[in-house]
Amino acid sequence: MIVFPEDFGWGAATASYQIEGGADTRGDSVWDAFCRWPGKTANGHDGSVACDHVHRFREDVALMKEIGLNCYRLSISWPRVMPSGTGQPSEEGLAFYDALFDALLEAGVTPWVTLFHWDLPLALHHQGGWLNPDAPKWFEDYAALLSDRFGDRVHHWMTFNEPQCTLGLGHVDGIHAPGLKLSYEEVLTALKHLLLAHGRAAKVLRSRSGQKVGIAPVSNLAYPATESAADIEACRSVGFDRGNGIWPQCFYLDPIVHGRWPDEQVRKLFPAFEPPTAEEMAIIHGPLDFIGLNYYHSQKMRAGADGKPEVVELPAGHPETAMGWPVVPEGLYWTVRFHHERYGLPSAITENGMANLDWVQSDGRVDDPQRVDYLRLHLRQLGRALNEGLPVWAYFHWSLMDNFEWAEGYHKRFGLVHVDFQTQKRTLKSSARAYQEIIRQGGVEEV
Ligand code: GCO
C-alpha cells in the first residue's frame, strides 16, 4: 500500500460553464456566443442547462461527501458575479457562491477556486477581451470582489486555468471560444495582458493573510523512455523551452516564477512584438504558492544520437481513452518532478482523468473499470513522487461528474458520477466507489 500524507487533499474538479447551467440568471460569456455559432460545438450542444448545478448543488455536495472528498476544485463564472464583466456585481450570483461555499464547508470539503476557466463575460469580449490593455485591471477588480466576498471561506485560489487553451485554441485555432484566428503578434499581446492580469489578481488575493495562490497551466510534458541520465536530460526542457507556438511553460511559469521573458522564442515567432517593459515584468513576476498541474498525457521520448529529445512511438494498440489520448501514467510523476526541479514550488494535481463510454446499464449500475484502473495507475505515480519527497498538496480528479466537454458537447463523459442530461439523475459510477475506498484507506494498493 502506498500511504499518502495524513493531510493530503483528495478532491475532484469541475468548471462553471461545464456544470452550472442557469444561463438565465447570469450574463452571457464568450462560450454562450460560441455555442450559438452553427457548427462550432458537436450537435450545437451548449452549457445553458449542463448539470443544472446552480439548482442541484446541495445534492452534488452530498455526493462529494459520500465519496469522501475533503476538497473540491471549482471555478467561478465571472458573468454570474459581474454580468457585464466590470461595474455592478450581481447579488444573486454572489449569493449562489455564498450558499455553495457554506454547503461545502459544512460537509467538510475545502473549496479550491479558479477565477477564470474560460467563460469571459461576452461584454468584455466586445471591448476586445484579452487584447484590450484594460483587461488586467478588469481582472484585478474581479479578483478584489471575490477576495472581499469569499476570502473568509476560500483560502486556495488559482487565477487561470490552462491559459494556453484560451489563447491557442480560442485565439489562434478558433476551435474554442471566442473562435478567433489571430496572428501571433495579436496573440502575444493577449498573452501579455493575461500575465499582467495574473500578477495583479495574485497580489490582491495574497494581500489577505493566509491565502494560497496558484495558476493551473497545461502541463503536458515528455517522460523518459528509460531512466537513464541521458533520456531524463533529453526530456527536461520539453514543454518548458521547447514546444508548439505559445504552449510551452516558458510563456507562463517562467515569467511569473522567475521573472524571465522568453525572448528567443518570441523573436522567432514574431520579431516585431513589443516585449513587456521592466515595470510590466515587475507586475507579472510575483510570489506564487503552488503550481496547479492538469495532467492527462505526455509524450514518451528518449535522447537521440545528438542528445536531443526524440519521440518514441507507442506500440499499436496501446491503451487510450475515448478522447483518443494515450494512457501514460508515468508522465504524471515526471510532470511533478520536472516542474519542481524548474520552479521549486509545491504543486497540486488540479486535473487528471479520462473520457470513457459509460452508460447506465440495464441493472441500473454504471461500471467503468477502465477509469478505476486509470485512477489507481495515476495515484501510484503520484505516490512515487510523494515518497521521493516532492511536495504535492492535493489530487483533483477530472471530473466530479459528466459535463459539457466544450467543443465535444455532451459526447465525452469524464465523471466519477454519471449524469443523465435529460432527467439530471446522478449515479455514482464504480470509479466513485473505488475512489471512496482509496480515500478511506488513505492510499492506493501497490501492484
Ligand atoms: C481543461 C479543461 C477541462 C476539460 C478537461 C477534459 O482544463 O483541460 O479545463 O475543462 O474538460 O481537460 O478535456
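No lab work stands behind these numbers, since they all come straight from the coordinates. Computed from a predicted structure; not experimentally measured. Here Cβ is always computed from backbone atoms with ideal geometry, including for glycine, and neighbour counts include all displayed protein chains.
Tabulated results
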quantity	calculated
Low-density loop cleavage sites - trypsin sites (Lys or Arg not before Pro) in segment 368-438, where at most 12 other Cβ are within 10 Å (DSSP)	Lys425
Size-normalised alpha-carbon gyration radius of the chain, reference 2.2 N^0.38 Å	0.93
Simple spin-label estimate for Lys137 and Met1 in nanometres, 7 Å along Cα-Cβ	5.7
DSSP H segments from the chain that extend 15 Å or more along their own axis, Cα-based, with Kyte-Doolittle mean of 0.0 or above	91-106, 184-206
Estimated [θ] at 222 nm from DSSP helical runs (n ≥ 4, -39500 (n - 2.57)) normalised by residues in the chain, nearest 500	-10500 deg cm²/dmol
Calculated FRET efficiency for the pair Asp306/Arg267, C-beta based, R₀ 25 Å, to 0.05	0.60
Most mobile of Asp119, Asp263, Asp368 in a GNM of the chain (Cα contacts under 10 Å)	Asp263
Highest-MSF residue in the chain out of Gly304, Gly85, Gly22 [GNM, Cα springs under 10 Å]	Gly304
Net lengthening on full extension, Glu227/Ala42 (0.36 nm per residue, minus Cα-Cα)	62.5 nm
Net charge dipole size for segment 1-54 [Lys, Arg +1 and Asp, Glu -1 on Cβ; Debye, nearest 20]	280
Highest-MSF residue in the chain out of Asp60, Asp289, Asp148 [GNM, Cα springs under 10 Å]	Asp148
